Amino acid sequence: MNTRPFVVLMAEDSEDDVIVTKRAWKKHSISNHLHVVSDGEDCLDYLFRRGKFTDPTNSPTPGIVLLDIKMPKMDGITTLRHIRENESTRRLPVIMLTTSKSDEDRIKCYDLGVNAYIMKPVGFNNFAEAIKNINIFWQLVEFPN
């Protein structure tokens with residue numbers, strides 16, 4: 001069981017979804033630090049320590065990435081592809097947290113090695129419960145070294 005807190009990196013362009021996620025974090029007293037970027041390019045820059053994310057103090061290595069599919073600059077599927085192609089990030093747990101109901105999107109994500117594909121629940125209480133359950137699940141998982 002993974003008892004140490006880990007950093008969660010969330011790539012999400014919807015400010016409303018970010019606010020709801022932070023409220024859910026607070027509501028359930030989730031101890032993991034949440035870092036948010038607004039698109040796929042920033043997600044990759046964060047993971048590969050480029051640009052404004054070169055300082056590991058301000059951008060600590062995440063244990064999990066929450067990734068939206070529909071984002072500006074670079075979508076979540078392309079971002080996932082880059083994460084899986086890189087030796088240093090290919091085992092990083094990635095959860096698609098999205099509104100996309102597309103079977104094609106879901107299949108592409110699993111083909112690229114996403115760890116989970118979760119539809120964003122409607123309503124704060126449902127969304128907060130999903131965040132809580134994601135947190136509980138990943139507390140139980142043993143991460144690769």
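The values are calculated or read from the model by the stated rules, or taken from the named source; none is laboratory data. Just so we're clear, the structure is a prediction, and the values are computed from it rather than from any experiment. With ideal geometry, Cβ positions are generated from the backbone for all residues, glycine too; neighbour counts draw on all protein chains shown.
At a glance:
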read-out: Subset of region 36-89 (residues that are of a type in the set (Gly, Ala, Ser) and on the phi > 0 side of the Ramachandran plot); value: Gly51
read-out: Residue count for region 1-44, restricted to those that are more than 16 Å from Ile118 (Cβ to Cβ), touching a strand residue (DSSP E or B) at 6+ places or on another chain (Cβ under 8 Å) and of a type in the set (D, E, K, R); value: 3
read-out: Number of positions in region 18-33 that are more than 22 Å from Ser88 (Cα to Cα), without any contact (Cβ under 8 Å) to a residue 60 or more places away in the chain, of a type outside the set (Ser, Thr, Tyr) and not in a helix (DSSP H, G or I); value: 0
read-out: Among residues of region 49-59, those that are surrounded by 12 or more Cβ atoms within 10 Å (Cβ to Cβ) and basic (Lys, Arg), counted; value: 2
read-out: Candidate set: region 85-104, residues that are more than 16 Å from the chain's Cα centre (by Cα) and not hydroxyl-bearing (Ser, Thr, Tyr); chosen: the one surrounded by the most Cβ atoms within 10 Å (Cβ to Cβ); value: Asn86
read-out: Pair list, Cβ under 6 Å, 6 or more apart: region 64-90 residue within 14 Å of Phe48 (Cβ to Cβ), other residue in a helix (DSSP H, G or I); value: Met74/Gly40; Met74/Glu41; Thr79/Gly40; Thr79/Cys43; His82/Leu44; Thr89/Leu47; Thr89/Ile83; Arg90/Arg84
read-out: Search result, residues across region 60-84 that are buried (at least 19 other Cβ atoms within 10 Å of the Cβ), under 19 Å from Val7 (Cβ atoms) and out of contact with any Gly (no Cβ under 7 Å at 6 or more places or on another chain); value: Pro62, Gly63, Ile64, Val65, Leu66, Leu80, Ile83
read-out: Pro93 over 20 Å from Ser14 (Cα atoms) and in contact (Cβ under 8 Å) with a residue 40 or more places away in the chain; value: yes
read-out: Single residue of region 101-145 satisfying the filter (in contact with a Pro (Cβ under 8 Å, 6 or more places away or on another chain) and aromatic (Phe, Trp, Tyr)) that is nearest to Ile19 (Cα to Cα); value: Phe127
read-out: Residue list for region 38-59, restricted to those being in contact with an Asp or Glu (Cβ under 8 Å, 6 or more places away or on another chain) and closer than 23 Å to Arg90 by Cβ; value: Asp39, Gly40, Gly51, Phe53
read-out: Criterion violated by Gly113 - all others in (1) at positive phi; (2) crowded, with 18+ Cβ neighbours inside 10 Å satisfied; value: (2)
read-out: Residue among Lys22, Lys26 that alone is more than 29 Å from Glu104 (Cβ to Cβ), modelled with pLDDT under 95 and loosely packed, with under 14 Cβ neighbours inside 10 Å; value: Lys26
